[in-house]
Amino acid sequence: VVRLSHISNYTDFDALAATQGVELSWLERPDQLAGLDLLILPGTKNTLAALAKLKQSGLFEAIRSFHGLGGKVLGLCGGYQLLGQAIADPDGVEGPPGQEAGLGLLELATTMAGDKTTTRVRARCEAALPFGVSGEVSGYEIHMGLSRPLGQDRPAFRLTSVLGRAADQAEGQVSADGRVVGTYLHGILDNDALRARLLAWAGGGAAPEAGNYAAFRERQFDLLADHLEAHLDLSGLLEPMNNSPTEGAH
């Protein structure tokens, strides 16, 4: 995972890091791309600033070379925007107005907009997605900007539900060579079956045992609660809550 400037949504990769057999690394230098099965561009709160840092660090050309040598790339949210041909912020939504050429690994152009998309979704995998699964997957969107395909539309997903309401909307893009995928959907790697197929696609083999990430996460919360209970005196905190005034009292 590239450690972008202004990075956001670190939790997108918790499920990968918790999967047996996965070695997750955070990258900051071009030489760290050697030998990877999969390169991921995460979300960022400022896409043009992240793009400038990629160019300054040498990662911009290193990522293009990684793909040119057969590497597979996944972009999430801001990382999806970075994969396109162009990123424009004419109104200065995220910083000074401007437009820059992206990595050019997807036939895509993005324009920043003032309205922020924040919504929970359910989706089905489209035929172009190289690690697609049957049934629905869940995720969420939280981003500025609109992205549109410049060539043949090869969506990765089709939204079936947005905030609990039925939908039918193409989402994300897949490159013609099938080695680059971009999506606005956060949290999709928490879906066990999809994560297993992603790892099979990345490694070029059979799908590994992805485990039950929801159960693993709940277990971590329980362990944290047990640790706090064992080492903190919570009575002073809980007593005021238990003795709080009834509703309507002053």
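Could you give me the residue pairs with C-beta distances under 8 Å whose first residue belongs to the stretch 27-47 and is open to solvent by 20 Å² or more (accessible area, probe 1.4 Å), whose second residue is part of a strand (DSSP E or B) wherever it lies, and which are 6+ apart or on separate chains? Between residues of the stretch 27-47 that are open to solvent by 20 Å² or more (accessible area, probe 1.4 Å) and residues that are part of a strand (DSSP E or B), the close pairs are Glu28/Val2; Leu38/Val73; Leu38/Leu74; Lys45/Ile7; Lys45/Ser8.
When the stretch 71-110 is filtered for residues that are more than 19 Å from the chain's Cα centre (by Cα), modelled with pLDDT of 95 or more and either among the aliphatic types (A, V, I, L, M) or in a helix (DSSP H, G or I) (or both), the ones remaining, listed by number, are Ala86, Ala88, Ala101.
May I ask you to verify whether Thr117 is at pLDDT below 95, open to solvent by 30 Å² or more (accessible area, probe 1.4 Å) and closer than 14 Å to Gln81 by Cβ? Break it down into steps so the answer makes sense when it comes.
On the way: at pLDDT below 95: yes; open to solvent by 30 Å² or more (accessible area, probe 1.4 Å): yes; closer than 14 Å to Gln81 by Cβ: yes.
So Thr117 passes the test.
In the stretch 162-178, which residue that is outside any loop (DSSP other than H, G, I, E, B) and either open to solvent by 60 Å² or more (accessible area, probe 1.4 Å) or at pLDDT below 95 (or both) is nearest to Leu69 (Cα to Cα)? Explain how you work it out, then say what you get.
At the first step, the residues of the stretch 162-178 found to be outside any loop (DSSP other than H, G, I, E, B) are 162, 165-171, 173-174.
Adding the requirement that they be either open to solvent by 60 Å² or more (accessible area, probe 1.4 Å) or at pLDDT below 95 (or both) leaves 162, 165-169.
Working: Val162: 38, Arg165: 42, Ala166: 41, Ala167: 38, Asp168: 36, Gln169: 33 Å.
Selected residue: Gln169.
Tell me which residues, restricted to the stretch 90-109, are of a type outside the set (A, V, I, L, M, F, W, C) and under 22 Å from Ala62 (Cα atoms). Quick ask: steps written out before the conclusion?
Applying the first criterion (of a type outside the set (A, V, I, L, M, F, W, C)) to the stretch 90-109 yields 90-92, 94-100, 102, 104, 107.
Answer for the stretch 90-109, where residues must be of a type outside the set (A, V, I, L, M, F, W, C) and under 22 Å from Ala62 (Cα atoms): Gln99, Glu100, Gly102, Gly104, Glu107.
Of the residues making up the stretch 193-215, those that are part of a helix (DSSP H, G or I), open to solvent by 30 Å² or more (accessible area, probe 1.4 Å) and either in contact with a Ser or Thr (Cβ under 9 Å, 6 or more places away or on another chain) or free of Cβ contacts under 8 Å to residues at least 60 places away in the same chain (or both) are Ala193, Leu199, Ala214, Ala215.
Search the stretch 179-192 for residues being assigned to a loop (DSSP other than H, G, I, E, B) and open to solvent by 10 Å² or more (accessible area, probe 1.4 Å), and hand back the single one that is nearest to Thr11 (Cα to Cα). Before you say what the answer is, go through the steps one by one.
From the stretch 179-192, those assigned to a loop (DSSP other than H, G, I, E, B) are 179, 184-185, 187, 191; that's our starting set.
Among the residues that remain, those that are also open to solvent by 10 Å² or more (accessible area, probe 1.4 Å) are: 179, 184, 187, 191.
Details: Arg179: 24, Tyr184: 15, Gly187: 8, Asn191: 13 Å.
Once the filter is applied, the top-ranked residue is Gly187.
When Ile63 is tested against the conditions (1) in a strand (DSSP E or B); (2) modelled with pLDDT of 95 or more; (3) surrounded by 22 or more Cβ atoms within 10 Å (Cβ to Cβ), the lone failure is (1).
Farther than 20 Å from Leu82 by Cα, open to solvent by 50 Å² or more (accessible area, probe 1.4 Å) and at pLDDT 95 or above, is that true of Arg122? Yes, satisfied.
Out of Val22, Val2, one residue alone is of a type in the set (A, V, I, L, M, F, W, C) and open to solvent by 10 Å² or more (accessible area, probe 1.4 Å). It is Val22. The residues listed here are Lys53, Lys72; of these, the one that is of a type in the set (Lys, Arg), in contact with a Leu (Cβ under 6 Å, 6 or more places away or on another chain) and crowded, with 18+ Cβ neighbours inside 10 Å is Lys72.
The values are calculated or read from the model by the stated rules, or taken from the named source; none is laboratory data. Nothing here was measured: the structure is a model prediction, and the numbers come from that model. Quick reminder, even Gly has a Cβ in these numbers, built from the backbone with ideal geometry, and neighbours come from all protein chains shown. Heads up: the accessible areas ignore ligands, DNA and RNA and are worked out on the full protein's heavy atoms, side chains in. Shrake-Rupley method; radii C 1.70, N 1.55, O 1.52, S 1.80 Å.
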